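Undergrad: Before I ask anything, let me first share the structure, which is written out below as structure tokens.
The values are calculated or read from the model by the stated rules, or taken from the named source; none is laboratory data. Given the structure is predicted, the values throughout are model-derived calculations rather than measurements. Cβ: placed from backbone, ideal geometry, glycine included. Neighbour counts: every protein chain shown.
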Amino acid sequence: MPLPLPKSIDETSNLLASADYVADRSLATVLYLSLKMQRPLFLEGEAGVGKTEIAKVLASSLDRPLIRLQCYEGLDISSAVYEWNYAAQMVDIRMREASGDSNRGAMEDDVFSDRFLIRRPILQALEQVDGRAPVLLIDELDRTDEAFEAFLLEVLSDFQVTIPELGTIKAQEPPIVIITTNRTREIHDALKRRCLYHWVDYPDAERELDIVRLKVPGAGAALSREVVDYVQHLRTLELFKNPGIAETLDWATALMELDKVALDPQAVSDTLGVILKYQDDIASIQDSQSADILREIQSEARREGAKAGASAAGA
Ligand SMILES: Nc1ncnc2c1ncn2[C@@H]1O[C@H](COP(=O)(O)OP(=O)(O)OP(=O)(O)O)[C@@H](O)[C@H]1O
Ligand SMILES: [Mg+2]
């Protein structure tokens, strides 16, 4: 039996937290509703903000299989839904011919039967595994073309696909569908209308620090705080590509591996390539700003520390 779905927004937050995913209230709300209403969840956001991770975490915390459809330009039905195993069909036909079997109708029925059907992710997702409807992750939908998007409309509204030789296959229980996009192009309204929508934003400093504590527990408290403050500051600049949460986690891990307990100008300069992936961004930070940002976040942290100390003494 699959684990029961969460019955409230709080339960949804707790479910995500149980798999080390720190969600804000708005994400927990829309996720709760999409589970409750059996509607696909359409997640849009910058790179590395935790969109794909939501599907993985849902599958593991609800103990359901995760079926992933990675989208790319030119993705078609034979890679996404089903394909006939032509080679096996040919072998079967030849064997029948060799054995003198000439019943054409029976041969056709048999060759276009379940046995020769190769199930791709969408078809797999419509079929339950051990009585558990799976989580279907349609990742980076913006990379496909519009023809595929149009095809998805049928799947997402009726949770069924039609195979001309076999008929219509319909899910007994709809899979939990998570669609992600990086917004490299707009997705058609008709598809969005079938989903609940959520923009996954960069986290605020507190939530990002919680994520670092959870995911990189070996990094010291001061280092984690400074890494988060530094990245948060970078996101306020006009960079070509902002660092995501993935980069924050990588940076904390890298600095920990280098035995750092706090940021220093040299360490930042040596490791900028962990958080910034465009030379222009690295050059613009390295030239002048890096030391200034570091000074600023460290003096801000000292001010915060003094304030906290004063209020604790006054309490
Ligand atoms: N809220 C969160 N709680 C815990 N970990 C998170 C959270 N958000 C992101 N992460 C971590 O950040 C990393 C990147 O997340 P993910 O791959 O889901 O990003 P994405 O939005 O799908 O990025 P892309 O658009 O590049 O595919 C993962 O390792 C994930 O564990
Ligand atoms: Mg992703």
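Undergrad: Residues of region 188-224 being touching a strand residue (DSSP E or B) at 6+ places or on another chain (Cβ under 9 Å) and within 10 Å of ligand 1 (Cβ to nearest atom), which ones?
TA: If we filter region 188-224 for residues that are touching a strand residue (DSSP E or B) at 6+ places or on another chain (Cβ under 9 Å), which is where we start, we get 191-192, 194-202.
Those that are touching a strand residue (DSSP E or B) at 6+ places or on another chain (Cβ under 9 Å) and within 10 Å of ligand 1 (Cβ to nearest atom): 200, 202.
Undergrad: A further question on this structure: Output the number of the condition that residue 25 fails; it satisfies all remaining conditions of (1) touching a helix residue (DSSP H, G or I) at 6+ places or on another chain (Cβ under 9 Å); (2) under 17 Å from residue 3 (Cβ atoms); (3) among the charged types (D, E, K, R).
TA: (2)
Undergrad: Provide a single number: the residues in region 176-191 that are within 16 Å of the chain's Cα centre (by Cα) and under 16 Å from residue 69 (Cβ atoms).
TA: 7
Undergrad: Every residue in region 109-145 that is among the aliphatic types (A, V, I, L, M) and away from ligand 2 (no atom under 16 Å from the Cβ), please. Break it down stepwise before answering.
TA: Just the residues of region 109-145 that are among the aliphatic types (A, V, I, L, M), to begin with: 111, 117-118, 122-123, 125-126, 129, 133, 135-138, 141.
Within region 109-145, 111, 117, 118, 122, 123, 125, 126, 129, 133 qualify.
Undergrad: Now, a different point. Looking only at region 28-47, which residues are more than 24 Å from residue 123 (Cβ to Cβ), within 14 Å of ligand 2 (Cβ to nearest atom) and touching a Phe, Trp or Tyr at 6+ places or on another chain (Cβ under 9 Å)?
TA: Correct list: 44, 45, 46.
Undergrad: Answer yes if at least one residue in region 17-26 is over 28 Å from residue 149 (Cβ atoms), buried (at least 16 other Cβ atoms within 10 Å of the Cβ) and within 16 Å of ligand 1 (Cβ to nearest atom), and no otherwise.
TA: Here is the first cut: in region 17-26, the residues over 28 Å from residue 149 (Cβ atoms) are 17-20, 22, 24-25.
Still in the running and buried (at least 16 other Cβ atoms within 10 Å of the Cβ): 17, 22.
So of that shortlist, the ones also within 16 Å of ligand 1 (Cβ to nearest atom) come out as 17, 22.
Within region 17-26 (the criterion being over 28 Å from residue 149 (Cβ atoms), buried (at least 16 other Cβ atoms within 10 Å of the Cβ) and within 16 Å of ligand 1 (Cβ to nearest atom)), the answer is yes, since at least one residue qualifies.
Undergrad: Continuing with the same structure: Scan region 126-141 for residues that are crowded, with 22+ Cβ neighbours inside 10 Å and farther than 23 Å from residue 45 by Cβ and jot them down.
TA: Selection gives 126, 133, 134.
Undergrad: OK, next. If you check residue 273 against the conditions, is it of a type outside the set (Val, Ile, Thr), crowded, with 17+ Cβ neighbours inside 10 Å and either within 24 Å of residue 216 (Cβ to Cβ) or touching a Lys or Arg at 6+ places or on another chain (Cβ under 9 Å) (or both)?
TA: Working: of a type outside the set (Val, Ile, Thr): yes; crowded, with 17+ Cβ neighbours inside 10 Å: no; either within 24 Å of residue 216 (Cβ to Cβ) or touching a Lys or Arg at 6+ places or on another chain (Cβ under 9 Å) (or both): yes.
Considered against the rule, which asks whether it is of a type outside the set (Val, Ile, Thr), crowded, with 17+ Cβ neighbours inside 10 Å and either within 24 Å of residue 216 (Cβ to Cβ) or touching a Lys or Arg at 6+ places or on another chain (Cβ under 9 Å) (or both), residue 273 comes out as no.
Yes/no matrix, rows are residues, columns are (1) away from ligand 2 (no atom under 16 Å from the Cβ); (2) at pLDDT 95 or above:
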position	(1), (2)
26	yes, yes
53	no, yes
71	no, yes
99	yes, no
107	yes, no
